[in-house]
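The values are calculated or read from the model by the stated rules, or taken from the named source; none is laboratory data. As the structure is a prediction and not an experimental result, all values here were calculated from the model. For neighbour counting, all protein chains shown are included, and Cβ atoms are generated from backbone atoms with ideal geometry for every residue, glycine included. Note: areas computed on protein heavy atoms with side chains; ligands, DNA, RNA excluded. Shrake-Rupley method; radii C 1.70, N 1.55, O 1.52, S 1.80 Å.
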Amino acid sequence: MKILKLNKISPLADEIFAGQEYSDTVESPDGIMVRSAQMADYPVNDNLLAVARAGAGTNNIPSAKYADMGIVVFNTPGANANAVKELVLCELFLGGRKITDAIEWVKTLKGTGDISKQVEKGKSKFAGGEISGATLGVIGLGAIGVLVANAAVALGMRVIGCDPYISTANALALSPSVKLIPSREEVYKRADFITVHVPLTPDTKNMFNAETFAKLKDGCVLINNSRGELVDTDACIAALESGKLGRYITDFPADAMIGVPNCICVPHLGASTIEAEDNCAVMAARQLVDYIEHGNICHGVNYPDVSMARSGAMRLCIHHKNVKEILSKILAIVAGEGINVENMQDASKGEYAYLLLDAGLPVSDAGIEAIKQVPGVIRVRVITD
């Protein structure tokens, strides 16, 4: 197994890849570990099976292009959730009180004499409000959103959440004190603070725009630790200048935002903890090993999750388009060789699908080639070890 790392990765991954070729100089890798490196123009070799992102966002990876090549993209949802949650909690306090402004003001007092007297005289300019009793709107109730919502409840906030796609597991993990709201518009109208935890997609790009800001409560604080492109920069600045938006706190600084009053730009620190980097590296490394050695997909981005225990003499890992009758054609080829299917699982994700098939006897080379020629089949990999 040859694994290339395109960024600095926690050394805990070294233990998982022990005995394998794993470094930042590997050529023709089977798998890639990546954090922030841009892969749009990365020269893909024929051996590449998978790319694992040690983090949640995969905007730096051309996932759709890789799906067409039968290359699985993994991410590590939840591995950095606690780190991001803690940053959001910090930002709630920064949004409620003018702490950063006050700290910068104190720096101007150095060398002016009688600091204590000046502090007592000037601190009234930085009076703020407590978050306890305020309403927090959480948009996106995935691993991070649920942790934030529950922590905010513990801090005495009234919490409302919106996520039409919330999983059963996350719904069960959510505090019963969190009120689920069917639409974002209702959150906009009711929340004193809003924190957003959704992926960047064509539907969510610029979801906070001039029209959105007009719906907010006056003075609302918006916290964005997901992606900068969720917020229309010009509209946000206008909302800050008018006072419609009380504060904007983001982990994704944009040049135009820096120095704007009531805009706090954090330098992408959400997952920048030792613990989060360790968790992400371990999860990503385990995903690569399980996929390369056994064909199992867990936390796939561009292909569905499919996993099963090994059985039989040969495992076929088949990437294919989600089209009619393709399974029957593949199974007919296997059956035509008089081979029983001991176990199989197939699942789809949008236009792509993935089939794991354990055959009782080895399928012939001619049979494998016939499967590759079935219309809609993207890639066939054989595992016999």
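A quick yes/no check of all residues on (1) on the phi < 0 side of the Ramachandran plot; (2) over 15 Å from the mean Cα position of the chain (by Cα); (3) hydrophobic (A, V, I, L, M, F, W, C):
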{"residue": "132", "(1), (2), (3)": "yes, yes, no"}
{"residue": "144", "(1), (2), (3)": "yes, no, yes"}
{"residue": "151", "(1), (2), (3)": "yes, yes, yes"}
{"residue": "164", "(1), (2), (3)": "yes, yes, no"}
{"residue": "174", "(1), (2), (3)": "yes, yes, yes"}
When the residues of region 213-227 are narrowed to those that are open to solvent by less than 30 Å² (accessible area, probe 1.4 Å) and at pLDDT 95 or above, which ends up nearest to the chain's Cα centre (by Cα)? 225
For the structure I just gave you, tell me whether residue 111 is within 20 Å of the chain's Cα centre (by Cα), on the phi > 0 side of the Ramachandran plot and either modelled with pLDDT of 95 or more or not hydrophobic (A, V, I, L, M, F, W, C) (or both). no
Which listed residue, of 331, 355, is farther than 30 Å from residue 83 by Cβ and in contact with a His (Cβ under 9 Å, 6 or more places away or on another chain): 355
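Please determine, by comparing only the residues of region 110-158 that are aliphatic (A, V, I, L, M), over 30 Å from residue 171 (Cβ atoms) and part of a helix (DSSP H, G or I), which one is most open to solvent (accessible area, probe 1.4 Å).
Top of the filtered list is 115.
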Of all residues in region 113-142, which are small (Gly, Ala, Ser) and closer than 17 Å to residue 179 by Cα? 132, 133, 134, 137, 140, 142
Which residues, taken from region 172-182, are at pLDDT 95 or above, open to solvent by 30 Å² or more (accessible area, probe 1.4 Å) and not hydroxyl-bearing (Ser, Thr, Tyr)? 172, 173, 176, 179, 180
Condition check for residue 46: of a type outside the set (Val, Ile, Thr) and open to solvent by 70 Å² or more (accessible area, probe 1.4 Å): yes
Picked from region 56-88 (must be of a type in the set (Gly, Ala, Ser) and within 16 Å of residue 31 (Cα to Cα)), the residue nearest to the chain's Cα centre (by Cα) is 63
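Results for (1) open to solvent by less than 20 Å² (accessible area, probe 1.4 Å); (2) more than 25 Å from the chain's Cα centre (by Cα), shown as yes or no for each residue.
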{"site": "189", "(1), (2)": "no, yes"}
{"site": "195", "(1), (2)": "yes, no"}
{"site": "208", "(1), (2)": "yes, no"}
{"site": "229", "(1), (2)": "no, no"}
{"site": "241", "(1), (2)": "no, yes"}
{"site": "245", "(1), (2)": "yes, yes"}
Give the number of residues within region 2-35 that are in a loop (DSSP other than H, G, I, E, B), open to solvent by 50 Å² or more (accessible area, probe 1.4 Å) and not polar (S, T, N, Q). 8
Can you name the residue in region 320-374 that is acidic (Asp, Glu) and part of a helix (DSSP H, G or I) and is also surrounded by the fewest Cβ atoms within 10 Å (Cβ to Cβ) among such residues? 365
Inspect all residues belonging to region 66-82 and state whether any of them is modelled with pLDDT under 95, open to solvent by less than 10 Å² (accessible area, probe 1.4 Å) and in a helix (DSSP H, G or I). yes
Got a number for residues in region 212-261 being more than 14 Å from residue 193 (Cα to Cα) and part of a loop (DSSP other than H, G, I, E, B)? 12
